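For reference, the structure is listed below as structure tokens.
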Amino acid sequence: MALIRITSPHAHRAGSTGSVMLTVLIATLPGLAAMTFFFGWGTLIQVMWGTLLALGLEAAIVKLRKRPVSFYLTDYSAVVTAVLLGLALPPFAPWWVMTVGIIVAIAIAKQLYGGMGNNPFNPAMVAYALLLVSFPVQMTSWAAPFVMTGEGWSVLSMGDTLSAIFGTAGAAVDAHTMATPLDVMRHRGGFTTEEMWVENALLANGIGAWHAVSAAYFMGGVFLLYKKIFTWHTPVAMLVSLTVFSTLFFLLMPDQYPDPFFHLTTGATMLGAFFIATDPVTSATSNKGKLWFGAGIGLLVFVIRSWGNYPDAVAFAVLLMNLCAPFIDQYTQPRSYGHAKPNRGMK
Amino acid sequence: MSAVLIAVLVLLGLGLVFGILLGYSSIRFKVEGNPLVDQVDSLLPQTQCGQCGHPGCRPYAEAIVNNEEAINKCPPGGQSTIEALADLLDVEATPLDSEHGEEQIKKVAYIREDECIGCTKCIQACPVDAILGAAKQMHTVIVSECTGCDLCVEPCPVDCIDMLPIEPTLNSWQWPVPKSGVELIATDRHPGIAQEADA
Amino acid sequence: MKNTVRVHGFHGGIHPPENKKQSTGAPISLAPVPTRIVLPLQQHIGLPADPVVNVGDRVLKGQKVAEAVGRISANIHSSISGTVVAIESHPVPHMSGMEAGCLIIESDGKDEWIEHQGLEDYTRLPKPALIEYIRQAGVAGMGGAGFPTDVKLHLGDDHIVNTLIINAAECEPYITADDMLMRERADEILGGIEIIAHLLQPLHIMVGIEDNKPQAIRALHAALDNSPLNLDIVITPTKYPSGGEKQLIKLLTDVEVPSGKIPADVGIVCQNVGTTTAIYRAVAYGEPLISRVVTVTGQAAGHKQNYEVRIGTRFCDLLDHADVRREQMHRLIVGGPMMGITVINEQIPVIKTTNCLIAGSIEEMPPQPPAQACIRCGMCEQVCPVELLPQQLHWFAKGKEFEKARHHNLFDCIECGACSYVCPSNIPLVQYYRFAKAEIRKEDAEQRKADHARIRFEARLERLERDKIEKEERRKQRAIEAAAAQAAKKDAALKTSAAPTAASAADAATADLKQLKSNAAIARTKLKKAEKALANAQDKGLDGIEPLQATLQQLQVKADQAEQAYAEAQNTPVQSQTAPETDLKQLKNNAAIARTKLKKAEKLLAAAEASGDGDISSLRAQVTELQEKAVNAEKAYKDADSGAVTAAAAVDTSELEADIAAMQAKVDKAEGAWKAAVESGSPAADKMAAGVEKLKEKLTTLQDELANVQSLPATTITTTVTTATINTAELEADISAMQAKVNKAENAWKAAVESDSPAADKMAAGVDKLKDKLQTLQDELAQASGGPVTKPVTETDTPPVTDLKTLKQQVSIMRTKLKKAEKLLAELPEGEEDPALVADIEALMLRHDAAKATLDAAEAEKAAAAAAQGIDLKQLKIDAAMARAAVTKAERALSKAEDGNIQSLEEELLAAQAQADKLNSTLERFSE
């Protein structure tokens, strides 16, 4: 057999980028299951529809760029993007919302920057932010959790969901939509938080659904930590910073600011902490940098939720911190062996 | 009326403050001479070969600084020099101007010593005094001093000077840049690579 | 077995599959003695060793075959007995797969040891001597880098060594050479440690060993019980790369070796366990390093175990012995799977640093899939033992942003491969780093070279400038001296200040010239600009081309005018001066051409006569005609020459004088030739004698002519001087011309004296006469100026003419004169075309040839002398080149020896440089 000459090392750990992405996909399953359980088939359909679109679009663009299609599709990064976007969109968002989102995420936010690894912003969050700004009505009408009807499996049926997403069935859907807790909190007018809960008894009744979904994401995140897909730094920093700031303001003005538990377990906090902020491509590099990065997201989430115009803030916070990531990288280089001080800045 | 007056005064005051600040800093941080020429000169390969059309590296550096000359006219420096210059001067790095020659592998002059007639012409041509010899004596090139500018080749009346590429040794051998895989992006300059990777 | 020392930790690290069990099943076995060994001259860091045997020499096992060069180098010994069959380039274990100088020794099968004996009690030997003893044994680090051990043992001299660390971690997968060595030869290891401890006197000795080698740990403990040594065996958790020197130091002492420093700078010295046994064997038995333990493993190997292999054994022999299935072997790795190199040539030999050979199958080490994009997952960063940012470095290397890579501490990378190992995108990170490092080193070297070149270039420019200025200065000095003398005299004579007017006029003229020049330049520039504008306009098809063209034309006219004015202004004075000269030149040329034609015709005639055919009479007529023409031309020239300026007579005289001198020489030569002819009984002797006579006659004629000519200008000058007393300047010019004449005459005279010419006396008389004349002139001047005359410098002791070039010039002048004389000779008997004359010409030709031969001989002699001198020069050159080479080598060694004793290297380099400088300066002196 002909000998080959090749650079060391000659041993490699099994695994590839594709397997990393697959692990991430597996970790989203609990969240997906919880979403389906509490909010109906919508999320599952959104995820599948998005995946289909993302794969097709990715393949088309890769082909256009004259690159091997299967090589790029098997890194599953397009699927991850689609799944995350699917989880973030309202379950009954019309099909074209997802379509626009995928086009933005895959074509603009990812491939135009040079494909996987070269995008400065998290594609799913770019798409989400754009959709939120462009289609506020569709993006803020969330599905009502099934617990609210109080009769077990009374979420919208599969067929109704399909027609809601792909057709124009308005009435059936309207009965099953409502504002998210964050939305309600945002637009509570002059009410205190206590009064808000009283006012929205229905929501107070169903808030458990959001808590459960958050718990499911948390489980997925822990699984990824266990699999060493990412380090603890970003999610912990983000959650801690969010907790710290919300606690601070809650203690100061308990009737104006919701409690930290509310912040941690509603909206996209958990999804963002474990699946979006940890996107390695767009986050800071070093461990120290990841702490700053996560803390920054936590702070921004709290700031935007409390005083911003939009009910949820994870997408904006992540995008803003994506912007800061290169800067953070420059000032958080680790101290290398044999050096008294870490390097700072760029030469 | 007084509002207008205040505005004018404020603006005047601001102008005064900033003027003083600027005036002070122009004295305090005064830069002697034109260090840019030195900086540009230090990036040039100092072969003094004249392929850029200037009689040496420094004149070329001066021409660059005076915006009389493009930065892509130095074949011995090649693309890396162009990039360094572009970086320094904050201009676009352009490909090497082929009018002034192609970037070549590093070479040094060798004198075929049995053919040398000792005319000293090459010695006079050498910009760095890297050729050793005397009239009617065999000449030889001090290889470590030779910059490979090939200015000595032309004057030799018996064509006994060869420009030989520097042979890699075990010590000078280096790992090549890893072959780019399929991850090249659309901006890559060699469209053939992707197809190669496909095949 | 508990640790007595606390084990610290280092960042990162990986746990690759160990694959060590395969090769620890069997004890170390002796590999067979190879029939042929290949010993690379460089098996260590530093300079390659220098062979001390020749092809064909018989060598014994353990005999030194190559000697260390410089401080960082190691001896090389033959590992078998046999004959040196070649010293040539041969593939060596190197990433490049390139060849390098090797000694190739063919075995005689006897495996005969050279006489060797260990030291009975090494403690009685002074330490430097003991280290030298180890150095003689050629011991170099056996862990991988191959740093000469003696250099490390010298570290005690200029460092305080607190801690000695014996590296037994052996963290790379597959390799078990050190493990097996410890299991089987623990006492030798401890013996070696004792010697090192004796030399370095550390306060603390630690053996760092990974916990995956329990048997080795037990063996060491057992051996330690019987040893006086007080050391700690520190068991570290298995983690790659804990065997890296800096990582092990961190593990055992929690001290970090500062970047760019060596462990000794923080009081620590590391040695590999393999090296300790080599030291022990060298000291205890006097055995040089000729064999080592090599692990042969990998799926393709039949017997996976450790072998004691003679250094220089080719891989093919070892692989055959280990029963490696070649059809299964896909990758042959020298070293471990993490940092080892692949080789494709089985002829490559085992060297001092070869600790493992892995014959990997394709299943075991599948080819790497194509690299995917980096997703910045950061796994590389988590495992980097140096806490770098591998992915950032990768981006920088890929983007060729080397400055940034350096800023991110690229050069602290130990190339352990942990980052590549974990990379999910299969990016060959280590290769990127190696590439970037090499590029940076290359750029640095180029920058150094460019700086150096700049310095040399500037020095050269300075030198040229200096030369120019000096020349200018000398010229000016002369002009000033002349002017000063002139002015002084003028002042004295006229007491008027007419001179400055002239000077200022001249100034004004130059100023005008300058003004004109700049005018012309400005006009040119304007013209160019206008042209450019026009071209631009034409390119773009803009309007208003016509007015532009008109402007251009106008400018063109202006520029032409300006330039013309300038040229005229420039030329006028020159032309007025050069006009007569050109005429003279023209005439001279005419004369020369006529002469050449004549010569050619003469030659033709002679040839025709000799062959006896052809139209001889017509040829003769032609010759006569040409002779007439030549004489006319020459006369015209001479007339013009003498008529143009009165002082030009001096030229004539000097020419005559030169003629005389040349003639004299010719006569001498002819006489010599004639005598030689007589001695050899040549039939031409008679003719030659006649020729000599004729020449002598000619000489006399010439001398007479000279006397005439000399008397003529002298009278002219006298009259001029007496009549025109006011014009002292003219007188002065005359004097200086006379002075020149005197000098020339003196020179000619001296030459004549040197050549023992009989004409010397006459010449001396002539010179005296000339001097007299000069004196008269000067007196006259003194009278005219009415004051004391400062005697012009009459430096007559010009150095004797030894220059070959001058000699040659003289020869050529002589030749021309001879030809002239020939022609004159032919003219003498008017109309008579007797054969005697033709014979005379022939004889003269012969004479001329003889003279030329003599000259050639003289020249050859000179050339030979020059060549003899040249040999010295060559030798010097070679010496200088070698010294320079030594400098470069030292520099290279310095740059390479990162973890070595840099200071000592630098000293060495300085010494080499001094040597080189000395030789260079000698060489320069000689070549000047």
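The values are calculated or read from the model by the stated rules, or taken from the named source; none is laboratory data. These numbers come from a predicted model, not from an experiment. Cβ sites come from the backbone with ideal geometry, for glycine too, and all protein chains shown count toward neighbours. The area values use the complete protein model at the heavy-atom level, side chains included, leaving out ligands, DNA and RNA. Shrake-Rupley method; radii C 1.70, N 1.55, O 1.52, S 1.80 Å.
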*Kindly provide the set of residues from the range C:107-131 that are open to solvent by less than 60 Å² (accessible area, probe 1.4 Å), more than 24 Å from C:Asn355 (Cα to Cα) and touching a residue at least 40 places away in the same chain (Cβ under 8 Å), ordered by number.*
C:Asp108, C:Ile114, C:Gly118, C:Leu119, C:Tyr122, C:Leu130, C:Ile131
*Report the residue count in the range B:151-168 for those that are within 14 Å of chain C (Cβ to nearest Cβ) and either acidic (Asp, Glu) or free of Cβ contacts under 8 Å to residues at least 24 places away in the same chain (or both).*
2
*Would you be able to say whether some residue in the range C:345-361 is among the small types (Gly, Ala, Ser), more than 30 Å from A:Pro123 (Cα to Cα) and either assigned to a loop (DSSP other than H, G, I, E, B) or open to solvent by 30 Å² or more (accessible area, probe 1.4 Å) (or both)?*
no
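What tally of residues in the range C:352-377 results from selecting those that are in contact with a helix residue (DSSP H, G or I) (Cβ under 6 Å, 6 or more places away or on another chain) and facing another protein chain (nearest Cβ under 9 Å)?
Here is the first cut: in the range C:352-377, the ones in contact with a helix residue (DSSP H, G or I) (Cβ under 6 Å, 6 or more places away or on another chain) are C:355, C:372, C:374-377.
From what is left, the residues that are facing another protein chain (nearest Cβ under 9 Å) are C:372, C:374-377.
The number of residues fulfilling the criteria is 5.
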*Can you find even one residue in the range C:318-330 that is without any contact (Cβ under 8 Å) to a residue 60 or more places away in the chain, under 30 Å from C:Leu103 (Cα atoms), open to solvent by less than 10 Å² (accessible area, probe 1.4 Å) and within 9 Å of another protein chain (Cβ to nearest Cβ)?*
yes
*Out of all the residues in the range B:97-137, which are surrounded by fewer than 19 Cβ atoms within 10 Å (Cβ to Cβ), within 11 Å of chain C (Cβ to nearest Cβ) and in a loop (DSSP other than H, G, I, E, B)?*
B:Lys106, B:Glu113, B:Gly118, B:Thr120, B:Asp129, B:Ala134, B:Ala135, B:Lys136
_Take the conditions closer than 29 Å to C:Arg331 by Cβ, within 9 Å of chain A (Cβ to nearest Cβ) and at pLDDT 90 or above and apply them to C:Val422. Does it pass?_
yes
*Restricting attention to the range A:305-327, does a residue exist that is within 14 Å of another protein chain (Cβ to nearest Cβ), assigned to a helix (DSSP H, G or I), surrounded by 21 or more Cβ atoms within 10 Å (Cβ to Cβ) and of a type outside the set (A, V, I, L, M)?*
yes
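Which of the residues spanning the range C:460-517 are polar (S, T, N, Q), in a helix (DSSP H, G or I) and either modelled with pLDDT under 85 or touching a helix residue (DSSP H, G or I) at 6+ places or on another chain (Cβ under 8 Å) (or both)?
The answer is C:Gln486, C:Thr501, C:Ser504, C:Thr510, C:Gln515.
Tell me the helices (runs of 4 or more DSSP H) entirely within the range A:62-157 that contain at least 1 residues that are under 21 Å from A:Thr278 (Cβ atoms) and more than 14 Å from chain C (Cβ to nearest Cβ). It would help to see each step written out before you state the result.
Numbers: elements: A:69-73, A:77-88, A:95-102, A:123-134, A:136-140.
Answer list for the range A:62-157: A:77-88, A:95-102, A:123-134.
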*Of all residues in the range B:29-61, which are loosely packed, with under 15 Cβ neighbours inside 10 Å, away from every other protein chain (no Cβ under 14 Å) and assigned to a loop (DSSP other than H, G, I, E, B)?*
B:Phe29, B:Lys30, B:Val31, B:Glu32, B:Gly33, B:Asn34, B:Gly53
*Residue identified as within 22 Å of C:Ile28 (Cβ to Cβ) and modelled with pLDDT of 90 or more among C:Leu164, C:Leu181, C:Leu199*: C:Leu181
*State yes or no: is C:Glu443 in contact (Cβ under 8 Å) with a residue 40 or more places away in the chain, of a type in the set (Asp, Glu) and under 22 Å from B:Pro168 (Cα atoms)?*
yes
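Just checking, which of A:Thr234, A:Thr269 is more than 19 Å from A:Trp210 (Cα to Cα) and either within 14 Å of chain C (Cβ to nearest Cβ) or hydroxyl-bearing (Ser, Thr, Tyr) (or both)?
Details: A:Thr269 fails: more than 19 Å from A:Trp210 (Cα to Cα).
Answer to the selection: A:Thr234.
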_Please pick out the residue among B:Ile64, B:Ile71 that is among the hydrophobic types (A, V, I, L, M, F, W, C), outside any helix (DSSP H, G or I), at pLDDT 85 or above and open to solvent by less than 40 Å² (accessible area, probe 1.4 Å)._
B:Ile71
*Residue tally, condition crowded, with 17+ Cβ neighbours inside 10 Å and modelled with pLDDT under 60, over the range A:149-164*: 0
_Any residue at all in the range A:66-78 that's more than 24 Å from the chain's Cα centre (by Cα), at positive phi and modelled with pLDDT under 90?_
yes
*Scan C:Val266, C:Val294 and give me the residue that is at negative phi and open to solvent by less than 10 Å² (accessible area, probe 1.4 Å).*
C:Val294
*Search the range B:74-96 for residues being assigned to a helix (DSSP H, G or I), within 13 Å of chain C (Cβ to nearest Cβ) and touching a helix residue (DSSP H, G or I) at 6+ places or on another chain (Cβ under 9 Å), and hand back the single one that is most open to solvent (accessible area, probe 1.4 Å).*
B:Asp87
*asked:* Can you tell me how many residues within the range A:257-273 are in contact with an Asp or Glu (Cβ under 9 Å, 6 or more places away or on another chain) and either part of a loop (DSSP other than H, G, I, E, B) or open to solvent by 10 Å² or more (accessible area, probe 1.4 Å) (or both)?
replied: 3
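For the range C:299-312, state whether one or more residues are free of Cβ contacts under 8 Å to residues at least 40 places away in the same chain and either within 25 Å of C:Glu106 (Cα to Cα) or hydroxyl-bearing (Ser, Thr, Tyr) (or both). If you could, list the steps in order and put the result at the bottom.
So the first thing to find is which residues in the range C:299-312 are free of Cβ contacts under 8 Å to residues at least 40 places away in the same chain, and the list is C:302.
The next check asks that each one be either within 25 Å of C:Glu106 (Cα to Cα) or hydroxyl-bearing (Ser, Thr, Tyr) (or both); those that pass are none.
There is no residue in the range C:299-312 that is free of Cβ contacts under 8 Å to residues at least 40 places away in the same chain and either within 25 Å of C:Glu106 (Cα to Cα) or hydroxyl-bearing (Ser, Thr, Tyr) (or both).
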_Being within 21 Å of A:Val222 (Cβ to Cβ), away from chain C (no Cβ under 13 Å) and open to solvent by 60 Å² or more (accessible area, probe 1.4 Å): is that true of A:Phe245 here?_
no
*Only one of these conditions is not met by C:Ile134: (1) assigned to a helix (DSSP H, G or I); (2) touching a Phe, Trp or Tyr at 6+ places or on another chain (Cβ under 9 Å); (3) open to solvent by less than 20 Å² (accessible area, probe 1.4 Å). Which number is it?*
(2)
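Of everything in the range C:379-399, what is in a loop (DSSP other than H, G, I, E, B), at the interface with chain A (Cβ under 10 Å from one of its Cβ atoms) and surrounded by fewer than 24 Cβ atoms within 10 Å (Cβ to Cβ)? Give them in sequence order.
Filtering the range C:379-399 down to residues in a loop (DSSP other than H, G, I, E, B) leaves C:384-389, C:399.
Now drop any that are not at the interface with chain A (Cβ under 10 Å from one of its Cβ atoms), which leaves C:384-389.
Result: C:Glu387, single match.
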*Find the strands (runs of 3 or more DSSP E) located wholly in the range C:225-301 whose residues include 3 or more that are over 19 Å from C:Ile165 (Cβ atoms), and list them.*
C:291-297
